[in-house]
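There's a structure below that I have some questions on.
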Amino acid sequence: MYEFEKWGFLYQTQLYNPEIFFDHIKKEIEKGSIKPVNPSDFFMTLLSLVGFPFSMQHVLQGEYQWEEKDFIKFIKNRESMIFDILMNQLKQTN
């Protein structure tokens, strides 16, 4: 069994099923509550904004001489910034 097959239950149980996310985005676009975006692109932006700092944690900690608590503070400060970036991407301009 390949490694990815072990995790297939996540997709099957809908704990991680991007199609549900994509469908929700499409419905909101149809209702006019958000501006048209490519759901796949939006999802990739979300994953990138959230995941990049974790993938670069050791580099960031080395470059900025951060301890673990400093990195956690950095991540907590990013929460509202990431939310604002994503919501601004979806906001309808009237």
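Only one of Leu60, Leu49 is more than 19 Å from Glu28 (Cβ to Cβ), without any contact (Cβ under 8 Å) to a residue 40 or more places away in the chain and under 15 Å from the mean Cα position of the chain (by Cα). Can you tell me which?
Details: Leu60 fails: under 15 Å from the mean Cα position of the chain (by Cα).
Being more than 19 Å from Glu28 (Cβ to Cβ), without any contact (Cβ under 8 Å) to a residue 40 or more places away in the chain and under 15 Å from the mean Cα position of the chain (by Cα) holds for just one of Leu60, Leu49, which is Leu49.
If I go through segment 46-62 residue by residue, how many of them are farther than 25 Å from Lys35 by Cα, modelled with pLDDT under 95 and β-branched (Val, Ile, Thr)?
So the count comes out to 0.
For segment 3-42, which residues satisfy the criterion of being more than 18 Å from the chain's Cα centre (by Cα), at pLDDT 75 or above and of a type in the set (A, V, I, L, M, F, W, C)?
Matches in segment 3-42: Ile29 only.
Looking at (1) in contact with a helix residue (DSSP H, G or I) (Cβ under 8 Å, 6 or more places away or on another chain); (2) modelled with pLDDT of 95 or more, which one does Gln65 not meet, given that it meets all the others?
Single failed check for Gln65: (1).
Sticking with this structure for a sec: Just checking, how many residues over segment 22-69 are in contact with a Leu (Cβ under 9 Å, 6 or more places away or on another chain) and over 19 Å from Thr93 (Cα atoms)?
5
Shifting gears a bit: Is segment 69-77 home to any residue that is outside any helix (DSSP H, G or I), at negative phi and either at pLDDT 95 or above or more than 17 Å from the chain's Cα centre (by Cα) (or both)? Steps first, please.
From segment 69-77, those outside any helix (DSSP H, G or I) are none; that's our starting set.
There is no residue in segment 69-77 that is outside any helix (DSSP H, G or I), at negative phi and either at pLDDT 95 or above or more than 17 Å from the chain's Cα centre (by Cα) (or both).
The values are calculated or read from the model by the stated rules, or taken from the named source; none is laboratory data. What you are looking at is a predicted structure, and each value in this text was computed from that prediction instead of being measured. Here Cβ is always computed from backbone atoms with ideal geometry, including for glycine, and neighbour counts include all displayed protein chains.
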